[in-house]
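Coordinate-derived values only; no laboratory data. Worth saying up front: this structure is predicted, and the values here are computed from it rather than measured. Here the Cβ positions follow ideal geometry from the backbone for every residue, glycine too, while neighbour counts run over all protein chains shown.
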Amino acid sequence: MRKQLASRVNTLSPSTTLAITAKAKEMKASGIDVIGLGAGEPDYNTPKNILDAAYQSMKDGKTKYTPAGGLPQLKDAIIDKLKRDQGLTYTRNEVLVGIGAKHVIYTLFQVLLNKGDEVIIPSPFWVSYPEQVKLAEGTPVFVEGTAAEQFKVSAQQIRDAITDQTKAIIINSPGNPTGMIYSKEELTAIAEVCREKDVWIISDEIYEKLVYDDKEHVSIAQLSEDAKNRTFIINGVSKSHSMTGWRIGYIAGDEEVVSAMTNLASHSTSNPTTTSQYAAIEAYNGPQDTVEVMRKDFESRLNQAYPKLSAIPGFHVLKPQGAFYLLPDVQEAVKKTGYANVDDFAHALLTEAKVAVIPGTGFGSDTTIRLSYATSIDLLEEGIARIDKFVRDHWKE
């Protein structure tokens, strides 16, 4: 039997985050005391009112197929949320509900890109962006955001990267893995370049509710009518309402593109899980106090963990403004502890210090590691203490 794989999957890189998390869980299952600082999900349970709504929907027999693009009631809840939070107006035909924000982005690229179309991706980037572009036969084009610029890219950098093949740019704010937030002024300049060059904007806003130090999340779609018309807002309930496993995300944007995505969904996934959709309706329409409780807790953890991480020899850390990640540059620590690269360093932290972190290579940043503070403060501080001891014990002048 011939078992040759399709060429489209041969270029894919495995998800670094999922691989490290799986290895850490495997070690824990075998009785090893591993502290996991790799996973990108809140450690809170889904709020009770959402659980109750999901259970009630099942008891009421709401367990059948729904429209492929999502329940009309959930679309309305999303429309209300966008109006309430961003002052933006959408219709049901401009909204699609998908199986998590990740799959929504995948579906968007499948309907938006032709072979050779370029997508500008600021680096460091979320691991799945370039892989999904490649799966749609597009070409990822990376633009580096340096630590000196808070890992953000400028409008001029984007202008310089645009070619005749450029189809879209991705903006992720607050960002994964950096936690940095684009200001209104920075987004306005980027939106103007996209208007001049007629480029789509994909605005990944999945961490919008997790912002700190009185910073403000601004959607680039808010800035002008043109910006709204060329922007696809990507969001969902995973991070904001601690619903990662429920797999509900959405897109709001151009009606023609959303219609094509709905058609594709009808032939690939059918509808998102019905019970999860009813849970998401409650997430958006119900009380939001638990969202703020979680945000404040993450901010407190950040403020306690940041100085301790910064004190580790060879670690250089920018304080993030949102999400729940720290991205220290560790190239000095890697060199002084005798490792060849951050991948080997991260592997040693897992096997020797029993702390799981994510090497930055998967995010297009080969001098960094990513730590998540979406875990208890006790585990977070113990994990950082283990890393500190590991570095000091292995330090060679």
Please work out which option in [x] 78, 27, 14; [y] 61, 26, 18; [z] 33, 26, 22 gives semi-axes √(5λ) of the Cα gyration tensor in Å calculated from these coordinates, and answer with its label. [z]
At what distance in nm do the modelled label points of residue 114 and residue 216 sit from each other, each positioned 7 Å from its Cα along Cα→Cβ? 4.1
Counting only DSSP beta bridges with both partners in the chain, the antiparallel fraction in percent, to the nearest 5, comes to 45
Considering the options 53, 40, 100, tell which one lies farthest towards the positive end of the dipole of segment 1-153, charges being +1 on Lys and Arg and -1 on Asp and Glu at the Cβ, about the Cα centre. 53
Label model pair residue 366, residue 311: point-to-point distance (7 angstrom along the Cα→beta-carbon line) in nm is 3.4
Out of residues 5 or more away from residue 232 or on other chains, whose amide H comes under 5 Å of its own, with H placed 1.01 Å from N in the peptide plane? 201, 202, 203
Which whole-Hz ³J(HN,Hα) couplings does segment 157-169 yield from phi under the Karplus relation 6.51 cos²θ - 1.76 cosθ + 1.60, θ = phi - 60°, glycine and proline marked x? 4, 5, 4, 5, 8, 6, 10, 5, 8, 5, 10, 7, 10
In debye to the nearest 20, how big a dipole does segment 157-235 give about its Cα centre with +1 on each Lys and Arg Cβ and -1 on each Asp and Glu Cβ? 200
Set Lys and Arg Cβ to +1 and Asp and Glu Cβ to -1, take the dipole of the chain about its Cα centre, and tell me which of 188, 349, 165 lies farthest positive. 349
Near the amide H of residue 38, under 5 Å away, which other amide H atoms are found, from residues 5 or more places off or on another chain, if H is placed in the peptide plane? 372
Under 5 Å from the placed amide H of residue 142, counting only residues 5+ away or on other chains, we find 121
Calc'd 3J(HN,Hα), segment 225-240, phi into Karplus 6.51 cos²θ - 1.76 cosθ + 1.60 (θ = phi - 60°), Hz, glycine/Pro = x, comes to 5, 5, 4, 4, 5, 9, 9, 9, 7, 10, 7, x, 9, 4, 8, 5
Place +1 on the Cβ of every Lys and Arg and -1 on the Cβ of every Asp and Glu in the chain, take the dipole about the Cα centre, and give the residue among 63, 311, 285 whose Cα lies farthest towards its positive end. 63
In degrees rounded to 10, the 0-90 angle between helix 255-268 Cα long axis and the longest Cα principal axis of the chain is 80
Dipole magnitude (debye, nearest 20) for the chain, charges at Cβ of Lys, Arg, Asp, Glu: 1120
Ranking request for peptides 86-96, 163-173: highest mean number of other beta-carbon atoms within 10 Å first, then the rest in descending order. 163-173, 86-96
Order by protection proxy (mean Cβ within 10 Å, highest first), peptides 365-374, 112-121: 365-374, 112-121
Expected sort for 247-254, 198-205 on mean C-beta neighbours within 10 Å, highest first, is 247-254, 198-205
